[in-house]
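Report on the structure given below.
Every read-out reported here was derived from the displayed coordinates using simple, explicitly stated rules and does not represent laboratory data. Just so you know, these numbers come straight off a predicted model, no measurement behind them. Glycine also receives a Cβ, built like all others from the backbone with ideal geometry; neighbour counts cover every protein chain displayed.
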Amino acid sequence: MTNALQFRYITRTAVSLLTALAVAAATLLVSGTPAPAAAQPIGTLSLMAQSPFVPSEGTFRAIVGWSGDFDPDLTLGGVIYNPIADESEITEPPGIPFAPLPYVNASSLERTPEGHLVLDIAIRSVEGGPERIRLNEAGVYPIQIDLRSPDGATLASLRTNLIRLPTEAAEIDVLAVSTVLEISSAEGLTVGLAAELLTDYPELPLTVVIGDGVLTQLENNEVLAADLRNALNGRPVVTAPTPELDVSALASIGRSDIYATARATTFERLTNVGLTPSPDTAIIDGNLTTVGIDLLVRLGVEVIIDTGNNSSRASGVLEGTNGSIRVVQVDTNLTSSMRGPNRSVERVHRLLAALSMRAATDRSPIFLGGSALRSVPLTSIQLFLNALQQPGTLGTVDLVDAANALPLFPILPDEQPTQNLQAIEELIQSASTDIATYRTFYVNGGVPPAVFERSLVEALVAGRNPTDRTRALEQLVTSLDERFGTIVLPEGQSVTLAAQRAEIPLTVENTSDGDRTVMLLFDSDKIDVTQDQTTVVLPSGVSTVNVETESRSLGRSPLRIRIMTPDRTVLLAETSYGVRSTAVPGLGLLLSATALLFLMVWWVRSITATRALRKHPTNVEPEAVAEAQSGS
C-alpha cells in the first residue's frame, strides 16, 4: 500500500471513529445512556410530509408514519447534523452531529387524521429560549429521525433535510425554476392527471408540452379536451409538428414549406380543440444546422425546449445567419431523482435540498420536468409544486423569461442535419407537385388532398428508415398518378356540322368517386371554338359537355381536344374529332358573291357596249372621215 493510500485509509478511519463518537455523545446528551442495538425491524418509519423551508426563527414540522404496532411508550427523536457544504453530500451519509433532537413520547405527539405522528422542531438563530435548537447559519441540515421502543432500542430510522433560510429576506438566494409538464397519451402524466394538476395550481407559470398522440386523443374525446382546456385556463401549450419532422433536413433541400405547413396545421388542430398554441416556443430534439435555425427564426421561434431526448445539447444560444434562438435543456437527472413510489416524500425534499444548494452557488435558471416526469408519481409532482409556492429559496418563472435569463453560452450549430434527404429531393418535389395539382383537380368524394399531404409528411418523419421513406414516397406518387387516370374520352369520332355555328356534344367519363374540376383545351385550323379553353366540373360517371363551334370553311377539319388539370400540369385525356362542315359560309360569303356578281355584270355590259360603238357607222371619229375624203 502506497503512502497516499495509507493516508486516505487512516483519514477515513479517523473520520468514521469521530462520527461514531459524536453520535454516541449526542445520544448520551439526550438519554443519558448509550442506545441499545437496533431491534429486529417490525415496521417501517416513513416521511409523510415536512416543511420545505424554515425561517431562522421558525418551526420545522415532520409528519411520519409508522407501519408497525403502535405503543404509547414509543419515543421519537434523532440528530441534526452539520450543514452540508456541497450538493453531492445530500446522498452521502451525514457528517458530524450538530445537535440532538430530544426523544419525546409518541403518545404526547399530535396525530393527523390518518394516525401519523407530528414532530415539531423549533429552531432559532440568536434569540429564543433553550427549547429552540440554535442553528447558527442558513443552510441545508441533514436530520435523522429515529423511532425507539420503550426499552430504548431503535426500531426504525429515516433521513431528511432541514432547509434553514437566512435571517434577512434580502439575503435569500432564490433559484429560478421553470417546470415543464409533458403530457403523455399512454403513461406517466396523462391528460386526466395533467388536468387535475393544472387545476390545483392555476397561478403557477407551468409550461405544458403536448406529447405524441395527445392531440389525436383530444380530437376524439370532447370531454377530455374540455377538462384540459378548463384546467389550462388560457395557458398556452407547446408541441412539435405532428408527426415530428427534421426542420434542418427539410430546410437543406429548400422545402421549408413542408415544415411550416405541418406546424401551421398542428396549431390549427390545437385551436380547434380549444387550446392556445405557443408560437414562440418549439420542441426540437434533432440536429439543428444554420439553415434550420434561420427557418425557426422566420417562424417566430425564440426558445427551443429539449425535453430530454437529446441530452448532448446544453442550454445556451444557437446563432443562425438571420438571428438567434435560446435553447433550454431540461435537467433529467434532477427530475429523475423524484422517481419511485417508495419514500417519495424523502425523494422530493432531497431534490429541494439540492436546488437550495445550487441557489447558493449558481443562480442560473434551472428547468425541470419533460420526459423524465413519466415515471414520477403524481403525488410527488404535487408535493414539489406545493414547495414551489412556499416562500423560500426557489421561485417559479415563465420558461421564456427563464431562458432569457440564461448565460449567453454559445452553441455551435450542427454541420449536418439528422436526416439526409438529398438523395430523394426530386422524389419529394415530385410528390409535392402532384399533391398541389391534385388539390386543384379534387372537388369532393374519394381520397381528399389532405390524406396525401399527411402521407407526405408521415414519409418524412424524423428517424424513419431511409428505405421505408423512399418506398413510401414512391407509393404516394403512384397513388396520385392513379387518381389522375380517372378521366376518359372516347376515341376519335366524326362529326358533321350542318350549320356554320353548331354545338358538338363531347362525352366524358369520370371514374372517380366524386366531382373533379378539369380544363378543356381545343385546337383546330379551320374550326373555331367559342372558348378555346374552359374549366368545368365533371360529376362522377358519364356526362356530356356541349362545345360551341364555328366553321370557317367547307370540308373536313380535325379538332384536337385535351383535358388537363386546372393548373395545366397533368394531361388527363385527349382525343381528336373529324369535323365535316356542309354549311355554306354566312353573310361574308353572301356579300362577296354579290359583289363579284355585280362586278361581272358590269364588266360584261361594258365590253358589249364598247364593241357595238366601234361597229356602228355613225360612231366614226371626224378626223378619220376627213382623212378618208382627202385620200380619195
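Packing, as the average of other Cβ atoms within 10 Å across residues, places the peptides 336-344, 57-65 in the order 57-65, 336-344, highest first. For segment 185-197, the Karplus equation 6.51 cos²θ - 1.76 cosθ + 1.60, evaluated at θ = phi - 60°, returns couplings of 8, 10, 9, x, 7, 6, 4, x, 5, 5, 4, 5, 5 Hz by residue, with Gly and Pro reported as x.
In order along segment 102-108, the phi-based Karplus estimate (6.51 cos²θ - 1.76 cosθ + 1.60, θ = phi - 60°) of 3J(HN,Hα) comes to x, 7, 10, 5, 4, 5, 8 Hz; Gly and Pro are listed as x. Magnitude of the charge dipole for segment 350-428, about its Cα centre and with charges confined to Cβ atoms of Lys, Arg (+1) and Asp, Glu (-1), is about 700 debye. Summing charges over all other residues whose Cβ lies under 10 Å from the Cβ of A502, with Lys and Arg as +1 and Asp and Glu as -1, gives -2. The charge dipole of segment 392-453, taken about its Cα centre with unit charges on the Cβ atoms of Lys, Arg (+1), Asp and Glu (-1) only, comes to about 220 debye. Backbone phi angles across segment 217-231, fed through the Karplus curve with coefficients 6.51, -1.76 and 1.60 (θ = phi - 60°), yield HN-Hα couplings of 4, 5, 5, 9, 9, 5, 5, 5, 5, 5, 4, 5, 4, 5, 5 Hz in residue order; Gly and Pro are listed as x. Once backbone amide H atoms are built at 1.01 Å from N, A49 has I63 as its partners under 5 Å, excluding neighbours fewer than 5 places away on the same chain.
Scanning residues 5 or more positions from T276 or on other chains, those with amide H under 5 Å from its amide H are V237, with H placed 1.01 Å from N in the peptide plane.
For segment 287-358, what is the relative contact order in percent, using Cα pairs closer than 8 Å and at least 6 residues apart in sequence? Show your work: numbers first, answer last.
Numbers: 76 pairs, mean separation 19.3, N = 72.
Over segment 287-358, the number comes to 27 percent.
Amide H contacts of R363: none lie under 5 Å away among residues 5 or more positions distant or on a separate chain (H built 1.01 Å from N in the peptide plane; Pro and chain starts excluded).
Quick one: Cα centre-to-centre distance for segment 220-292 and segment 351-404, in angstrom? After rounding, the separation between the Cα centres reads 25 Å.
With Cβ to Cβ distances under 12 Å as the rule, what net charge do the other residues near L74 carry (K, R +1; D, E -1)?
Details: positive: R148; negative: D69, D71, D73, D146, D151.
Once all neighbours under 12 Å are counted, the net charge is -4.
Full-extension gain between E137 and T265, please, as 0.36 nm times their residue separation minus the C-alpha to C-alpha distance. Mind showing how you got there, number by number?
Details: separation 128, 0.36 × 128 = 46.08 nm, distance 5.59 nm.
Taking E137 through T265 to full extension adds about 40.5 nm, to one decimal.
Summary of the geometry: segment 471-492 and segment 130-168, compared by the centres of their Cα atoms, lie 78 Å apart.
Below 14 angstrom from the Cβ of T437, what's the summed charge of the other residues (Lys, Arg +1; Asp, Glu -1)? Present the calculation step by step, with values, prior to reporting the outcome.
On the way: positive: R439, R483, R516, R568; negative: D434, E453, D481, E482, D567.
Net of charged neighbours comes to -1.
Of Q390, T437, L421, which is farthest towards the positive pole of segment 332-451's charge dipole, taken about the Cα centre with +1 and -1 on the beta-carbons of Lys, Arg and Asp, Glu respectively? Of Q390, T437, L421, it is Q390.
Volume per residue of the convex hull around the Cα atoms, evaluated for segment 422-484, comes out as 72 Å³.
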